[in-house]
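Novice: One structure is given below, represented as structure tokens, and several questions about it will come after.
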Amino acid sequence: MSRAPESTPPARLDHHALERYETAWLGVALVMTVLLFVGVLASVISGTYPLLDAGSGHAHDGPIVRGRVDPKNLAATPFAKPGLVVDAAGQPLVNDQGTLDAYLVAGNFTFQPAVLRVPAGVPVTLHVTATDVAHGFQVTGTNINAEILPGHVASLTVTFRHPGEQHAICNEYCGVGHHNMITRFVVDPPATGAKETQ
Ligand code: CUA
């Protein structure tokens, strides 16, 4: 087999130069290994790694602690009443961050509430958790797309700009009922008084 001769053969590295390169890349690999090890260790120590059984064995009165809940005991959390948080008069409550709060529970191939009413033009923080297995949570027309894990609370803020109807779907295979897992968002026109020209 003859090959066309190359015009300029690549410069060949001598033995010592090769050794220097090898040593340098070994060093890079070593640094990456150490950084990865330290990172994993730090996340374990700080408790920021995904812990699927978070809540088991503690927190049995069910508060939300640092984004964690006991998935088997949501009764004492706001997840017990899925939906928009409202005051006694039924008006949406604004939280410290200046957004509304809505709680959603994913589990058993459904989202609760089945229909969520939200006002347009106001930031709403959606708090989502799961009771059984990992689910997906994707809201059409927004950039919200999260994995929902039992024991964890995903908090995502979104402003629905246009009145109408949108959906949240599960986009992570969770079992035989996965394809039916969908919830509706009814986006109401902005509250009277804060009327906007469209
Ligand atoms: Cu829940 Cu797929």
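Novice: Conditions first: (1) assigned to a loop (DSSP other than H, G, I, E, B); (2) β-branched (Val, Ile, Thr); (3) more than 11 Å from the ligand (Cβ to nearest atom); (4) under 19 Å from residue 69 (Cβ atoms). Residue 128 passes all but one, so which condition is the exception?
Specialist: Every condition holds for residue 128 apart from (1).
Novice: Hey, residue 116 hits all of (1) closer than 18 Å to residue 74 by Cβ; (2) within 16 Å of the ligand (Cβ to nearest atom); (3) hydrophobic (A, V, I, L, M, F, W, C); (4) assigned to a strand (DSSP E or B) but one; which does it fall short on?
Specialist: (2) is the only condition that residue 116 fails.
Novice: Go through the range 79-97 and count every residue that is in contact (Cβ under 8 Å) with a residue 12 or more places away in the chain and either of a type in the set (Ser, Thr, Tyr) or not in a strand (DSSP E or B) (or both).
Specialist: 6
Novice: Run residue 105 past the list (1) closer than 19 Å to residue 78 by Cα; (2) within 11 Å of the ligand (Cβ to nearest atom); (3) not in a loop (DSSP other than H, G, I, E, B) and report the number of the one that doesn't hold.
Specialist: Every condition holds for residue 105 apart from (2).
Novice: Looking at 108, 145, 95, can you tell me which residue is surrounded by fewer than 19 Cβ atoms within 10 Å (Cβ to Cβ) and closer than 20 Å to residue 188 by Cα?
Specialist: Sole residue among the options that is surrounded by fewer than 19 Cβ atoms within 10 Å (Cβ to Cβ) and closer than 20 Å to residue 188 by Cα: 95.
Novice: Please indicate, with yes or no, whether at least one residue in the range 46-57 is modelled with pLDDT of 90 or more and on the phi > 0 side of the Ramachandran plot.
Specialist: no
Novice: So, of the residues in the range 147-180 that are within 12 Å of the ligand (Cβ to nearest atom) and of a type in the set (A, V, I, L, M), which turns out to be nearest to the chain's Cα centre (by Cα)?
Specialist: Filtering the range 147-180 for residues that are within 12 Å of the ligand (Cβ to nearest atom) and of a type in the set (A, V, I, L, M), the one nearest to the chain's Cα centre (by Cα) comes out as 148.
Novice: Then there is this: Can you spot a residue in the range 81-89 that is under 17 Å from residue 132 (Cα atoms) and surrounded by 14 or more Cβ atoms within 10 Å (Cβ to Cβ)?
Specialist: Yes, the range 81-89 contains at least one residue that is under 17 Å from residue 132 (Cα atoms) and surrounded by 14 or more Cβ atoms within 10 Å (Cβ to Cβ).
Novice: Further question: Inside the range 161-185, can you point out the residues that are out of contact with any Pro (no Cβ under 8 Å at 6 or more places or on another chain), surrounded by 14 or more Cβ atoms within 10 Å (Cβ to Cβ), outside any helix (DSSP H, G or I) and not polar (S, T, N, Q)?
Specialist: Selection gives 168, 169, 170, 172, 174, 181, 182, 184, 185.
Novice: Report every pair of residues separated by at least 6 positions or lying on different chains whose Cβ atoms are under 8 Å apart, first residue within the range 169-184 and touching a residue at least 12 places away in the same chain (Cβ under 8 Å) and within 20 Å of residue 115 (Cβ to Cβ), second more than 8 Å from the ligand (Cβ to nearest atom) and in a loop (DSSP other than H, G, I, E, B).
Specialist: 169/140; 177/108; 183/113; 183/114; 184/114
The values are calculated or read from the model by the stated rules, or taken from the named source; none is laboratory data. Just so we're clear, the structure is a prediction, and the values are computed from it rather than from any experiment. So basically every Cβ, Gly included, is an ideal-geometry build from the backbone, and we count neighbours across all protein chains shown.
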